[in-house]
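To start, the structure itself, in structure tokens.
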Amino acid sequence: MKKVAYPGTFDPFTNGHKDIVERALGIFDEITVLVSTPPQKKLMIDATKRVELIQEVFANNKKVRVDSWDGLTVDYLKKNNIEYIVRGLRPTGDFDIEFQLASMNKSLYEKLETVFLTATNKYYYTSSSLIREIHSHGGDVSSYVPEVVNRYLKNK
Ligand code: ADP
């Protein structure tokens with residue numbers, strides 16, 4: 001069984017992230033969405049809630065697992081026998097940092113391969129940071145996030 005991890009902050013989980021999960025399942029048998037909490041980032045939603053929301057989005061899909069991890073991603077992967085990472089690439093400046101991360105992870109864990117899926121064009125400009133910005137000013141983000149996330153944000 002080919003397992004892949006999709007690590008990220010997902011603050012909040014967007015339709016762009018959901019698209020990557022669904023497309024990765026065309027290649028892999030099981031995906032673990034791995035929620036991290038980088039200490040340098042100011043977060044809108046706590047990790048427990050981010051995990052719960054993503055679980056709700058994929059409640060009907062047994063191939064999607066959701067977990068959180070605050071250590072090194074490679075340590076989680078080794079512990080769980082996962083040898084692949086999937087990440088999304090938007091044409092808005094993701095490449096340099098993604099290349100750096102993938103190269104560093106590879107040097108920390110030789111077996112690991114990072115697979116990149118190019119963003120679907122309707123999600124090119126969807127980013128968690130813009131959604132946080134719009135939401136903080138009371139704007140409508142329903143076009144950019146799954147229904148469960150939108151409902152949570154509206155009530156927050
Ligand atoms: P991180 O803080 O680790 O970058 P994010 O939650 O911002 O976490 O993103 C996780 C991954 O999803 C990254 O690889 C990012 O490039 C990708 N991603 C984010 N938004 C989109 C999108 N709209 N379409 C495709 N991939 C995306």
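Does Asn81 satisfy being part of a loop (DSSP other than H, G, I, E, B), more than 16 Å from the ligand (Cβ to nearest atom) and either within 20 Å of Lys18 (Cα to Cα) or open to solvent by less than 70 Å² (accessible area, probe 1.4 Å) (or both)? The answer is no for Asn81.
For (1) assigned to a helix (DSSP H, G or I); (2) within 23 Å of Ala47 (Cα to Cα); (3) among the charged types (D, E, K, R), each residue gets a yes or a no:
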| residue | (1), (2), (3) |
| --- | --- |
| Gly71 | no, yes, no |
| Gly88 | no, yes, no |
| Pro91 | no, no, no |
| Ser107 | yes, no, no |
| Ile131 | yes, yes, no |
| His135 | yes, yes, no |
| Ser142 | no, yes, no |
| Asn150 | yes, yes, no |
| Leu153 | yes, yes, no |
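So if I check each of Thr48, Thr73, Thr9, Thr92, which one is near the ligand (Cβ under 10 Å from one of its atoms), of a type in the set (Val, Ile, Thr), open to solvent by 40 Å² or more (accessible area, probe 1.4 Å) and out of contact with any helix residue (DSSP H, G or I) (no Cβ under 6 Å at 6 or more places or on another chain)? From the options Thr48, Thr73, Thr9, Thr92, the qualifying one is Thr92.
Confirm whether Thr126 is assigned to a loop (DSSP other than H, G, I, E, B) and not acidic (Asp, Glu). Against the criterion (assigned to a loop (DSSP other than H, G, I, E, B) and not acidic (Asp, Glu)), Thr126 qualifies. The set of residues in the range 21-31 that are surrounded by fewer than 19 Cβ atoms within 10 Å (Cβ to Cβ) and either at pLDDT below 95 or within 12 Å of the chain's Cα centre (by Cα) (or both) contains only Glu22.
Could you list, in sequence order, the residues of the range 32-45 that are open to solvent by less than 10 Å² (accessible area, probe 1.4 Å) and near the ligand (Cβ under 10 Å from one of its atoms)?
Val33, Leu34, Val35
Apart from one condition, Leu153 fits all of (1) in contact (Cβ under 8 Å) with a residue 60 or more places away in the chain; (2) out of contact with any Ser or Thr (no Cβ under 8 Å at 6 or more places or on another chain); (3) open to solvent by 40 Å² or more (accessible area, probe 1.4 Å); (4) more than 15 Å from the ligand (Cβ to nearest atom); the exception is (3).
The values are calculated or read from the model by the stated rules, or taken from the named source; none is laboratory data. Nothing here was measured: the structure is a model prediction, and the numbers come from that model. Reconstructed Cβ throughout: ideal geometry from the backbone, glycine too, with neighbour counts over all protein chains shown. Note: areas computed on protein heavy atoms with side chains; ligands, DNA, RNA excluded. Shrake-Rupley method; radii C 1.70, N 1.55, O 1.52, S 1.80 Å.
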